[in-house]
Structures are given as structure tokens and as C-alpha cells.
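Notes follow the structure.
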Amino acid sequence: MGNAALRDIAVIEEIPFDDVEGVVAVDAHNWLYRYLTTTVKWTSSEKYTTAADTEVANLIGIVQGLPKFFEHDITPVLVFDGGPSELKADEIESRREQRETYEEQLAVAREEGDELAIAQLESRTQRLTETIQETSRELLRLLDVPIVEAPAEGEAQAAHMVRRGDADYVGSEDYDALLFGAPLTLRQLTSKGDPELMDLEATLAHHELTLEQLIDAAILIGTDFNDGVSGIGPKTAITEITEHGDLWSVLEARGDSIEYGDRVRQLFRDPDVTDDYSFETSLDPDLEAARAYVTDQWGVDADEVERGFERIEESVTQTGLDRWT
Amino acid sequence: MFKAIVSAETLTSALDSVSVLVDECKIHLEEDGLEIRAVDPANVGMVDLSLDAAAFESYEADGGLIGVDLSRLEDIAGMADSGQLIQLELDEETRKLHIQIDGLEYTLALIDPDSIRQEPDIPDLDLPAEVVLEGSDVNRSVTAADMVSDHIALGVDDAAEYFYVDAEGDTDDVHLELTQEDLIDLQVGPAHSLFSLDYLKDMNKAIPADAEVTLALGEEFPVKIYFGFAEGQGQVTYMLAPRIQSD
């Protein structure tokens with residue numbers, strides 16, 4: 001989820017999609033999750049549920065989400081999370097607990113026949129099941145979209161790839177990308193309209209901070225891995241870090257403490273990432289096989305995905321005039 | 001300095017032929033007429049337009065450059081009946097365009113030309129086949145093809161010496177052959193390319209039915225579509241990149 005309070009710190013501007021060029025290392029879980037929640041919210045469940053009662057709304061989501069990249073001649077590389085880091089396990093546990101609460105509420109809503117509440121709750125109880133993980137990868141493979149398996153956080157791996165120059169942007173809704181040192185992050189890739197560009201260098205320059213200090217400020221506010229210090233919001237965090245220099249000095253001056261502060265810091269400064277990946281940027285999707293996989297093998301309603309496949313087909317074959325200049 | 005009087009019909013034709021591709025454009029106010037060059041955001045379709053000073057009732061300009069929001073300007077021009085005259089005058093100080101139509105005064109805020117997408121380089125195309133036909137034939141080809149498909153093949157059979165149009169849909173097909181006799185002119189050469197009807201439909205809207213249209217074609221090459229308007233004192237060249245079938 002990341003910390004939305006970072007938005008107040010980050011330098012973000014909306015940019016035209018046409019200005020985006022190259023390779024986007026997309027945080028796959030973050031991206032898929034968005035499409036899962038919207039698909040589940042707006043599409044009736046029979047359209048993506050197999051005869052065996054397995055839900056594959058992710059397949060609709062992928063087919064809806066990818067054309068945007070193809071149409072703008074951007075190569076998406078989907079970076080999947082590896083095992084959760086130990087600290088994040090708490091977050092996952094608390095999300096699981098929250099989901100259980102939603103599921104209980106959902107059962108009540110169903111009993112009472114409250115359609116709106118059911119729709120809302122269904123979208124929140126979505127999770128990336130084993131089937132979703134597997135079928136997503138398979139569909140991406142058929143569409144020739146590169147996949148990278150991160151050792152831990154997909155977002156950290158994506159940031160690492162941009163830092164190494166193998167990708168041009170991280171694609172994530174999550175502001176944490178900044179803390180993982182992603183030079184440029186595209187947000188709102190899943191929305192209609194233009195994306196937002198989050199710029200690390202501009203952010204650091206704006207606040208006159210180093211990346212290490214920015215991480216410390218974020219830890220004070222609170223991250224996925226730790227609760228912040230109560231009473232410290234974005235503004236205060238920046239002021240305190242500027243005044244005292246680093247996390248420990250701020251905590252000492254305030255007489256506060258953060259559990260595992262040093263480990264959280266280490267997770268952002270030196271995340272578990274790998275150089276062991278490779279991908280091609282020119283994609284050659286097998287649309288026939290992808291269609292068959294989604295509609296025949298998994299029984300997704302063809303109407304739900306046809307438009308997306310058509311958009312991919314169209315964009316793959318349309319040349320640009322620049323080819324002749 | 002820019003001051004001109006032009007018939008609503010001429011101005012509208014010029015604007016419409018550009019606005020099918022872009023929302024904003026730069027207009028060069030040259031001494032001998034207006035020039036506009038623009039490419040759509042996907043870099044698939046390009047327009048190169050010139051409107052000679054002779055097409056205006058009166059025309060004075062000295063090489064300025066303005067940026068306009070086309071739909072705004074089209075709306076204003078639409079306030080005039082087609083025969084009416086529109087008076088245009090650039091206020092250099094305020095960077096606004098004063099427009100007068102039969103007593104109606106409209107002040108249009110211009111757009112900073114630097115904020116508009118860069119004008120495209122014109123592709124250097126060596127197209128072996130050239131077909132000259134009436135605008136109405138382009139229209140019926142595009143309209144029929146659009147009933148069955150999203151794209152259209154344009155080609156020349158260089159052995160049998162005819163120009164053809166092909167569109168294949170899921171169930172229905174459209175085919176049209178025009179020989180030398182049906183055409184105004186035909187220069188035979190190897191040509192076959194596939195184009196998106198989305199673009200061609202829009203370009204077609206700007207082609208007058210009675211215009212003499214020249215199509216220059218090649219094998220999997222962009223098409224160049226050339227026609228005149230305003231009694232030949234305005235010229236439009238469209239260029240449209242082909243779709244290339246993936247293997």
C-alpha cells in the first residue's frame with residue numbers, strides 16, 4: 001500500500017502519455033490488484049468464473065490494462081513479488097485480518113441483499129490466489145510481455161532496474177517507489193487519462209535532502225514496515241530531519257523510538273534485489289493463443305476481453321510515420 | 001503583423017482538414033499565405049496545408065507564428081454563414097486574435113506555440129504508383145469498407161493496370177476496382193498497403209466530393225493523399241502510415 005502521506009512530499013506532475021517512452025518496470029501485484037478490484041466491482045462474477053468456480057478476473061484485468069502500453073509503444077515489464085520480507089509479514093497479517101472482517105460483513109450484506117455493499121465488499125476481499133498468480137504469468141507469456149521475478153519486493157526490484165538503466169520508469173501507485181530510490185515513477189497507469197510522473201531527484205532538491213534523509217523522514221511518518229511516530233506528519237518529518245540530520249538524532253531529540261528502525265531503514269537503503277534478469281523490449285504477442293487461453297481454457301466471456309485484444313492487435317500492427325523520416 | 005479577410009467557407013475547410021488529426025496547431029503567417037503542418041499524437045497521420053494569400057479577400061502578414069485551439073476557432077468560424085466574410089487580426093501585444101463576423105467581435109486567446117507538439121518532419125517517400133480520382137470515389141470506398149472492417153487495403157495491380165480497394169470483415173467483404181477509364185489518371189506501379197479506417201474516415205471528411213484527389217502509394221508504405229480546396233488556392237497533403245501485418 002505504501003504511505004499516501006508521502007504524496008505531500010513527493011514532486012509529482014501529470015505528463016502526457018505521448019511523452020512516455022521506453023520501458024516501464026511495473027510493480028505487478030500493485031498493478032494487478034487495481035484491475036482486480038475494478039473488474040470485480042463493475043463486472044458480474046459469472047463473466048470471469050469458470051465452471052469449476054474458480055475466479056479469474058485477473059485475466060480480464062490484464063487484457064484491459066495492457067493495450068495502453070502497446071498503444072503508446074511503451075514496453076511493460078511486469079515485476080512480481082517474491083517472498084514477503086519478514087517485517088512486511090505484519091502488514092500482510094493485518095491485511096488478512098481486515099479481509100476477514102470484510103468477509104464477515106459481506107456475508108451479512110448478502111443475507112440482507114444489499115447490492116451496493118456486496119459490490120464494495122467483494123472488491124475489497126480480492127486477493128492474489130495461486131490461480132491468479134499462475135494464470136497471470138501464463139497470459140503475459142502468451143502476450144510476450146516480459147516478467148521479472150523479484151527476490152522480495154517487486155517495487156524495490158523495479159526501482160533497481162531503473163537505477164541500472166534497464167528500464168526508464170517504475171510503474172506503481174505506491175509512493176514507496178521513491179524510498180526504494182526509483183528515479184522516475186509513473187502513477188495512474190491503471191486510470192483513464194494521463195499518468196503522473198514522480199521525480200526523485202526533483203523531490204530531493206525541493207527539500208534539500210539526501211535519499212537517506214528522505215527514507216528517514218518516511219520512517220518517522222510511517223511505512224509499510226513500521227508505524228510512524230505519533231504526531232509526525234510529512235511537514236514535521238521534513239523539518240525535523242532538516243534540523244537534526246537523521247532519524248536517530250530526531251528520535252533522541254524528541255525522546256521517541258521506533259521499533260526495528262534500523263532494519264526498516266536497511267530495507268529501503270539496501271533492499272533484496274537481483275541483477276539476474278533479462279528481457280527483450282520488442283514484443284510479439286500471440287493473440288490467437290492468448291484469446292484461446294482466456295476464453296476457451298478459462299471460460300471468460302469473450303465480450304469482456306475482445307475490445308482489449310483488438311486494441312493490442314491494432315497497435316501492434318500500426319506503424320508510425322517516423323519510420324520514414 | 002497579421003490582418004486578413006477570408007470567406008467562412010475557405011477558413012472552415014482549412015481548419016477542418018487539420019482538426020481531424022489534432023486539437024491544437026501552429027499556424028505560420030507567411031507573406032504569401034498560411035501554412036500548417038501537424039501530426040496526430042500517435043504519429044500515424046500527418047497534414048501539410050497551405051492556403052495562398054490569393055484565397056483571401058485581403059491578406060497581410062510578415063512571417064509570424066501563432067498557436068490555436070482548433071475547435072475554438074472552428075466554433076467561431078461556424079458562427080458565420082458559408083458566404084460570409086470573416087475578418088482576422090492579430091494583436092501582437094496581447095497575443096490575441098480579433099475576429100469579426102458581420103459586427104460580431106470575438107477575441108480569441110492564442111496558445112503559446114512552444115507548448116504545441118513539434119511540427120513533424122515530412123517523410124521522404126518514393127511512391128511508385130499514383131492514382132488520381134474524384135473525392136466522391138474516395139468517399140464511397142471508405143464508407144463501404146467501414147461497414148465491414150476497421151482497415152482498408154489500397155493497391156494498384158500493375159499487370160492488369162487498375163486501382164483497387166479491399167476490405168475484409170469477419171463475414172462480409174468489400175472490393176472495388178477502378179480502371180484507367182474510371183479514374184482521372186493512373187500511374188501504374190507496385191503498390192499494396194493496409195490502412196486504419198479510423199484515420200482514413202477522418203481524412204475523408206475533409207475531402208470535398210468534387211475535388212480531384214491524388215493518392216500516391218507503395219508496397220507497405222505510407223499513402224500520400226493530395227487535394228486542393230478554395231478553387232485550387234488551398235492545398236492539403238495527408239500522409240498516413242500503414243498497418244503492417246505482424247507475422
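Under the condition of being modelled with pLDDT of 75 or more and farther than 30 Å from A:Val23 by Cα, which residue from the range A:111-148 is surrounded by the most Cβ atoms within 10 Å (Cβ to Cβ)? Spell out the reasoning first.
Keep residues of the range A:111-148 that are modelled with pLDDT of 75 or more, which gives A:111-112, A:129-148.
From the residues that got through so far, the ones that are farther than 30 Å from A:Val23 by Cα too are A:111-112.
On the way: A:Glu111: 8, A:Glu112: 10.
Filtering the range A:111-148 for residues that are modelled with pLDDT of 75 or more and farther than 30 Å from A:Val23 by Cα, the one surrounded by the most Cβ atoms within 10 Å (Cβ to Cβ) comes out as A:Glu112.
Take the range B:96-150 and flag every residue that is within 20 Å of B:Thr214 (Cβ to Cβ) and hydrophobic (A, V, I, L, M, F, W, C).
Correct list: B:Ile122, B:Leu125, B:Leu127, B:Ala129, B:Val131, B:Val132, B:Leu133, B:Val138, B:Val142, B:Ala145.
Do we find that B:Val47 is assigned to a strand (DSSP E or B), under 28 Å from B:Ala211 (Cβ atoms), out of contact with any Phe, Trp or Tyr (no Cβ under 7 Å at 6 or more places or on another chain) and in contact (Cβ under 8 Å) with a residue 40 or more places away in the chain in this structure?
no
Condition first: in contact with a helix residue (DSSP H, G or I) (Cβ under 7 Å, 6 or more places away or on another chain) and either at positive phi or not β-branched (Val, Ile, Thr) (or both). Now tell me which residues in the range A:246-271 satisfy that.
A:Asp246, A:Leu247, A:Ala253, A:Ser257, A:Gly261, A:Arg265, A:Phe268, A:Arg269, A:Pro271
Starting from the range A:188-217, take each residue that is of a type in the set (D, E, K, R) and list its partners that are assigned to a helix (DSSP H, G or I), counting only C-beta distances under 6 angstrom and pairs at least six apart or across chains.
Hits for this filter: A:Asp194/A:Phe17; A:Asp216/A:Ile241; A:Asp216/A:Leu247.
Of all residues in the range B:32-44, count the ones that are assigned to a strand (DSSP E or B), away from every other protein chain (no Cβ under 12 Å) and either in contact with a helix residue (DSSP H, G or I) (Cβ under 8 Å, 6 or more places away or on another chain) or of a type in the set (Phe, Trp, Tyr) (or both).
Final tally of qualifying residues: 3.
Looking at the structure I just gave you, is A:Glu280 of a type outside the set (Val, Ile, Thr), more than 14 Å from chain B (Cβ to nearest Cβ) and surrounded by 18 or more Cβ atoms within 10 Å (Cβ to Cβ)?
no
Mind telling me which of the residues A:Leu36, A:Leu32 ends up being at pLDDT 85 or above and either touching a helix residue (DSSP H, G or I) at 6+ places or on another chain (Cβ under 7 Å) or in a helix (DSSP H, G or I) (or both)? Walk me through how you get there before you give the answer.
On the way: A:Leu36 fails: at pLDDT 85 or above.
So the residue among A:Leu36, A:Leu32 that is at pLDDT 85 or above and either touching a helix residue (DSSP H, G or I) at 6+ places or on another chain (Cβ under 7 Å) or in a helix (DSSP H, G or I) (or both) is A:Leu32.
In the range A:246-267, which residues are exposed (fewer than 14 other Cβ atoms within 10 Å of the Cβ) and assigned to a loop (DSSP other than H, G, I, E, B)?
Residues satisfying the conditions are A:Gly255, A:Ser257, A:Glu259.
Sort out for me the strands (runs of 3 or more DSSP E) sitting completely within the range B:161-213 that have 1 or more residues that are free of Cβ contacts under 8 Å to residues at least 40 places away in the same chain.
The strands (runs of 3 or more DSSP E) meeting that bar are B:162-168, B:173-179, B:191-196.
Could you tell me which of the residues B:Gln118, B:Gln100, B:Gln87 is within 14 Å of another protein chain (Cβ to nearest Cβ) and either in a strand (DSSP E or B) or closer than 19 Å to B:Leu34 by Cα (or both)?
B:Gln118
Out of contact with any helix residue (DSSP H, G or I) (no Cβ under 6 Å at 6 or more places or on another chain), more than 14 Å from chain A (Cβ to nearest Cβ), over 26 Å from B:Asn43 (Cβ atoms) and crowded, with 16+ Cβ neighbours inside 10 Å: does that describe B:Glu93? Explain how you work it out, then say what you get.
Numbers: out of contact with any helix residue (DSSP H, G or I) (no Cβ under 6 Å at 6 or more places or on another chain): yes; more than 14 Å from chain A (Cβ to nearest Cβ): yes; over 26 Å from B:Asn43 (Cβ atoms): yes; crowded, with 16+ Cβ neighbours inside 10 Å: no.
Judged against the criteria, B:Glu93 is not a match.
Looking at the range B:69-83 only, could you name the residues that are in contact (Cβ under 8 Å) with a residue 40 or more places away in the chain and either part of a loop (DSSP other than H, G, I, E, B) or over 16 Å from B:Ser13 (Cα atoms) (or both)?
Filtering the range B:69-83 for residues in contact (Cβ under 8 Å) with a residue 40 or more places away in the chain gives B:69-71, B:73-74, B:77-78, B:80-83.
Within the range B:69-83, B:Gly78, B:Ala80, B:Asp81, B:Ser82, B:Gly83 qualify.
If you go through the range B:96-149 one residue at a time, how many are closer than 30 Å to B:Ile86 by Cα and of a type in the set (Ser, Thr, Tyr)?
Summing the residues that are closer than 30 Å to B:Ile86 by Cα and of a type in the set (Ser, Thr, Tyr) in the range B:96-149 gives 4.
Taking the criterion of being among the small types (Gly, Ala, Ser), surrounded by 18 or more Cβ atoms within 10 Å (Cβ to Cβ), touching a Lys or Arg at 6+ places or on another chain (Cβ under 9 Å) and within 16 Å of B:Pro242 (Cβ to Cβ), would at least one residue in the range B:184-194 satisfy it?
Yes; the residues of the range B:184-194 include at least one that is among the small types (Gly, Ala, Ser), surrounded by 18 or more Cβ atoms within 10 Å (Cβ to Cβ), touching a Lys or Arg at 6+ places or on another chain (Cβ under 9 Å) and within 16 Å of B:Pro242 (Cβ to Cβ).
Of a type in the set (Lys, Arg), over 13 Å from B:Glu130 (Cα atoms) and assigned to a strand (DSSP E or B) - does that describe any residue in the range B:228-244? Walk me through it before giving the result.
In the first step, residues of the range B:228-244 are kept if they are of a type in the set (Lys, Arg); the result is B:243.
Checking which are over 13 Å from B:Glu130 (Cα atoms) leaves us with B:243.
Those left that are additionally assigned to a strand (DSSP E or B): B:243.
Yes, the range B:228-244 contains a residue that is of a type in the set (Lys, Arg), over 13 Å from B:Glu130 (Cα atoms) and assigned to a strand (DSSP E or B).
Among the residues of the range B:215-234 satisfying the criterion of being within 22 Å of B:Leu127 (Cα to Cα) and surrounded by fewer than 18 Cβ atoms within 10 Å (Cβ to Cβ), which is farthest from the other protein chains (Cβ to nearest Cβ)?
This residue is B:Gly228.
Scanning for something over 30 Å from A:Thr43 (Cβ atoms) and in a helix (DSSP H, G or I), does the range A:268-279 turn up at least one residue? Quick ask: steps written out before the conclusion?
First pass over the range A:268-279, keeping only residues over 30 Å from A:Thr43 (Cβ atoms): A:268-279.
Subset that is in a helix (DSSP H, G or I): A:268-269.
Yes, that holds for at least one residue.
Just to be sure I understand the filter: pairs with C-beta atoms under 6 Å, separated by 6 or more residues or on different chains, first member in the range A:12-28 and over 14 Å from A:Asp168 (Cα atoms) and at pLDDT 90 or above, second member aliphatic (A, V, I, L, M) and not in a helix (DSSP H, G or I). Which pairs pass?
A:Ile12/A:Met198; A:Glu13/A:Leu197; A:Ile15/A:Leu197; A:Ala28/A:Leu78; A:Ala28/A:Val79
The values are calculated or read from the model by the stated rules, or taken from the named source; none is laboratory data. Computed from a predicted model, the values in this text were never measured in an experiment. Using ideal geometry, Cβ is built from the backbone for each residue, glycine included, and neighbour counts are taken over all protein chains shown.
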